Amino acid sequence: MKTHDCEPTLNDSQVLEFCKQGFLLLPGVISEEVNSRSIEYVEAHPGIEPSEILHEGWFVDGVILNPAAAGAVRSLLGKDFGLPILMSSHRTDCPMPAQEWHTDGGSVYGPELNYLQVFYLPQDSPRELGPTELLPGSHFLYSHRDYMRHLGRIRGSVCAAAPAGSILITNYAIWHRRSESTGAGVRHNLKYNYFRTAKPRRDWVIEPSFDLVAADYGSPAPTYRQQFRDCYDAAEMLLWMRGEHDKYGTIGGQGWPMPGHRVDKPFGIPSGL
């Protein structure tokens, strides 16, 4: 497996936001030339796994190693991250009904982040063409896909409508689907994974003012979990990514990392934080 290293581009607050939300959208970071060549390639290779595109230097340099995308991946997976070895093409002839909600096979739940699932949109993907729909924070919400398929619209979901050349980086286990499309035309969407090879540590852009104790670990969107479970999950993932999972702990109740307007530091701050 080929690996790559570059400078990280995300800071502490952005890494925490990924832990909370489970996805990051980078709008329009790929050039028009590469977008056009990518569409031409997948139209000439209409299979569902056009993995040979990963041997094309222009695609590797323009998409896989794109500075904005690679810098974000480097921040989340650490140095010498593994490059994609499989490409999936989610070509859709619109209009189409919404896909069933699902998580992809091989999803592992918990605080560890050992791989990322990425979607590349080589063309404009407005709401009318049924962009990927995500449920923020659902990478911590385990459910067998047979128990998800009956669900329709979910309050708090996000449609990743974006301009051509956008990159959507997600936690592999996040709930997602192709949303309903009402417009006519073809929607191209390429999907691939990056992998961790390094031990987790705080190896991204350091914010001197970032306070691990006072940080907001809660999500403003519905989480469909027990109250404050979102705070526990995000805090545990962040500590795992910092290489400090052994320090994680909570006494529950109104203790850390539960949010609140306190008059003093919260009880239950793990030793060493």
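Summary table
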read-out: Filter pass, His144 being crowded, with 21+ Cβ neighbours inside 10 Å and farther than 25 Å from Arg187 by Cα; value: no
read-out: Single residue of segment 72-103 satisfying the filter (of a type in the set (Asp, Glu) and part of a loop (DSSP other than H, G, I, E, B)) that is nearest to Gly249 (Cα to Cα); value: Asp80
read-out: Subset tally (residues that are surrounded by 14 or more Cβ atoms within 10 Å (Cβ to Cβ) and either small (Gly, Ala, Ser) or within 24 Å of Leu134 (Cβ to Cβ) (or both)) for segment 210-221; value: 6
read-out: Filtered residues of segment 1-58 (kept if touching an Asp or Glu at 6+ places or on another chain (Cβ under 7 Å) and of a type in the set (Val, Ile, Thr)); value: Thr3
read-out: Residue in segment 35-56 that is under 30 Å from Pro200 (Cα atoms) and within 15 Å of the chain's Cα centre (by Cα) present; value: no
read-out: Test set (1) under 22 Å from Pro163 (Cα atoms); (2) in contact with a strand residue (DSSP E or B) (Cβ under 9 Å, 6 or more places away or on another chain); (3) in a helix (DSSP H, G or I) - Val60 fails condition number; value: (2)
read-out: Residue list for segment 92-118, filter: surrounded by 14 or more Cβ atoms within 10 Å (Cβ to Cβ) and either aliphatic (A, V, I, L, M) or in contact with a His (Cβ under 6 Å, 6 or more places away or on another chain) (or both); value: Met96, Ala98, Leu113, Leu116, Val118
read-out: Any hit, segment 34-55, residues being more than 22 Å from Cys159 (Cβ to Cβ), part of a loop (DSSP other than H, G, I, E, B) and of a type in the set (D, E, K, R); value: yes
read-out: Every pair of residues 6+ apart whose Cβ atoms lie under 8 Å, when the first sits in segment 43-70 and is over 25 Å from Leu24 (Cβ atoms) while the second is of a type in the set (D, E, K, R) and modelled with pLDDT of 95 or more; value: His45/Glu52
read-out: Residue in segment 27-38 that is in contact (Cβ under 8 Å) with a residue 60 or more places away in the chain, closer than 20 Å to Ile174 by Cα and surrounded by fewer than 20 Cβ atoms within 10 Å (Cβ to Cβ) present; value: yes
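Residues checked against (1) surrounded by 13 or more Cβ atoms within 10 Å (Cβ to Cβ); (2) touching a residue at least 40 places away in the same chain (Cβ under 8 Å); (3) on the phi > 0 side of the Ramachandran plot:
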{"site": "Trp175", "(1), (2), (3)": "yes, yes, no"}
{"site": "Arg178", "(1), (2), (3)": "yes, yes, no"}
{"site": "Ala198", "(1), (2), (3)": "yes, yes, no"}
{"site": "Arg201", "(1), (2), (3)": "no, yes, no"}
{"site": "Pro208", "(1), (2), (3)": "no, no, no"}
{"site": "Thr223", "(1), (2), (3)": "yes, yes, no"}
{"site": "Gln226", "(1), (2), (3)": "no, no, no"}
{"site": "Gly252", "(1), (2), (3)": "no, no, yes"}
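This table checks each residue for (1) at pLDDT 95 or above; (2) not basic (Lys, Arg); (3) not in a loop (DSSP other than H, G, I, E, B).
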{"site": "Gly105", "(1), (2), (3)": "no, yes, no"}
{"site": "Val108", "(1), (2), (3)": "no, yes, no"}
{"site": "Pro111", "(1), (2), (3)": "yes, yes, no"}
{"site": "Gln123", "(1), (2), (3)": "yes, yes, no"}
{"site": "Ser143", "(1), (2), (3)": "no, yes, no"}
{"site": "His150", "(1), (2), (3)": "no, yes, no"}
{"site": "Gly156", "(1), (2), (3)": "no, yes, no"}
{"site": "Ala164", "(1), (2), (3)": "yes, yes, no"}
{"site": "Ile167", "(1), (2), (3)": "yes, yes, yes"}
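The values are calculated or read from the model by the stated rules, or taken from the named source; none is laboratory data. Quick caveat, the model's predicted, so the values are computed rather than measured. Neighbour counts run over all protein chains shown; Cβ positions are idealised from the backbone, glycine included.
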